[in-house]
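Visitor: Below is one structure. I have some questions about it.
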Amino acid sequence: MRAARILMALACVAMLAACATRLPAPAPVPALDPAAQARAEALQAARAGALQAVPAWWLEGRASITRAGKGGSGRIEWRQDGPAFEVALAAPVTRQSWRLAVDGGGARLEGLEGGTRHGPDGQALLFEATGLEVPVEALSAWLRGLPADEAVHGPARLEFGADLLPARLEQAGWGIDFRAWRPSIDGAPALPLRIDARRGDAGVRLVVDAWSGAEP
């Protein structure tokens, strides 16, 4: 069983085109004065309310996943519909891909050798099949610069940058750095364009090329 899991992990890494990169060190977060901190928190509350009013959204971009110095990269699509979501990762060079779908009935992982796999938890299913640690259950919130449900993922600590947008989020042992944002346009809330997340020797980098349906 252990040998099979290792082979599956190696296959997934190869599928992702073996293009791992080391995440940069967390960027320093400025110390805001009390007035700026209050303003940032008020803006975040308004942004969170606007985003949570839109349960269905979609993004596409580029993702890099690493663990213990190894990993790979590929194109990513994420489709969210309330609590249900689908995430697909494809390597342009090898033309291989996998797709993880999670809804109220559990998780389904397609595209890996051995056929479709099922399980009650998306993150656990992905780790069991590939050895890659991706916090998919929390990412639907983190991708939009929001803390995940604290009742499920534990307390969150959010720090803001000089632009009063989230700069760093710590939750569930992960540190998430928001390194670039799509600014607010015509009243639509700002959305992250580049995200680096790390926990121990695991890392996830995401560069968003397009958002759709994520704003009112």
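The values are calculated or read from the model by the stated rules, or taken from the named source; none is laboratory data. These figures come from a predicted structure and were not determined experimentally. Glycine also receives a Cβ, built like all others from the backbone with ideal geometry; neighbour counts cover every protein chain displayed. Accessible surface is based on the protein model in full, side chains and every heavy atom, while ligands, DNA and RNA are left aside. Shrake-Rupley method; radii C 1.70, N 1.55, O 1.52, S 1.80 Å.
Visitor: For segment 91-107, which residues satisfy the criterion of being at pLDDT 90 or above and either under 17 Å from residue 139 (Cβ atoms) or surrounded by 19 or more Cβ atoms within 10 Å (Cβ to Cβ) (or both)?
Guide: 99, 100, 101, 102, 103, 107
Visitor: Follow-up question, since we're still on this one. Is it true that some residue in segment 47-69 is open to solvent by less than 40 Å² (accessible area, probe 1.4 Å), at pLDDT below 80 and not polar (S, T, N, Q)?
Guide: No, segment 47-69 has no match at all.
Visitor: Given the criteria more than 15 Å from the chain's Cα centre (by Cα) and either open to solvent by 30 Å² or more (accessible area, probe 1.4 Å) or under 24 Å from residue 180 (Cα atoms) (or both), does residue 39 qualify?
Guide: yes
Visitor: Given the conditions (1) open to solvent by less than 10 Å² (accessible area, probe 1.4 Å); (2) free of Cβ contacts under 8 Å to residues at least 40 places away in the same chain, report the number of the one that residue 202 does not fulfil.
Guide: (2)
Visitor: Restricted to segment 147-171, and to residues that are surrounded by fewer than 17 Cβ atoms within 10 Å (Cβ to Cβ) and among the small types (Gly, Ala, Ser), which residue is nearest to residue 34 (Cα to Cα)?
Guide: It comes out as 162.
Visitor: Next question, about the same structure. Among what's in segment 203-214 and is assigned to a strand (DSSP E or B) and small (Gly, Ala, Ser), pick the residue that is modelled with the highest pLDDT.
Guide: By that ranking, first place goes to 210.
Visitor: Related question: Run down 154, 161, 200 and say which single residue is within 14 Å of residue 142 (Cβ to Cβ) and of a type outside the set (D, E, K, R).
Guide: 154
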